[in-house]
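Okay, structure first, notes after.
Rule-based calculations on the coordinates, nothing more; no lab input. Note that the structure is predicted; figures quoted are calculated from it, not measured. With ideal geometry, Cβ positions are generated from the backbone for all residues, glycine too; neighbour counts draw on all protein chains shown.
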Amino acid sequence: VEHVSGNMFESLPRAKAILLKWILHNWDDEHCKKLLKNCWEALPIHGKVIALEILIPQVLGNDFASVNAIIDDFYMMLLHGGKVRTLAEFEGLGKAVGFAEIKTFPICKGINVIEFLKY
């Protein structure tokens, strides 16, 4: 694992996997597409982007995950112009830039690992 600094909207170095932790929710859809496209271009076939993000649940309730997702969504919109997304929204962003498959793995209280797979 290597930490690389730079401007993720310009270009990324070649890598088999790219980790984005709490990055995508900071940006609007167009910036996310640009970032994910740069990731796609930096990956070889069978490479992947691994993103850690909160997902808005399909059914909202009074549980911690639902409340946290809505509060975080409001916060991202207010301060960054970004948003917390649904799985369908992440799938749309990934497919729009060429990722063949998007997988999710819940890890705790609404936090998910989202894999964008390049075939």
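Residue ranges 57-67, 102-112, 16-26 sort as 16-26, 102-112, 57-67 when ordered by packing (mean number of other C-beta atoms within 10 Å per residue, highest first). Taking one quarter of the surface of the convex hull spanned by the alpha-carbon atoms of the chain gives a direction-averaged projected area of 7.2 nm². Here the stretch 46-108 is treated with +1 on each Lys and Arg Cβ and -1 on each Asp and Glu Cβ, and its dipole about the Cα centre works out to around 180 debye. Backbone amide hydrogens, once placed in the peptide plane, bring Ile18 within less than 5 Å of Lys48, Val49, Ile50, excluding anything fewer than 5 places away on its chain.
When shorter helices are ignored and each DSSP H run of at least 4 residues is given -39500 (n - 2.57), the per-residue value for the chain at 222 nm works out to -11000 deg cm²/dmol. In the chain, excluding the sites themselves, the longest stretch lacking any of the GluC sites (Glu not before Pro) that are in a DSSP loop with at most 10 other Cβ atoms within 10 Å is 11-119. Full extension of the segment from Leu52 to Arg14, taken as 0.36 nm per residue of separation minus the current Cα-Cα distance, would add 11.6 nm.
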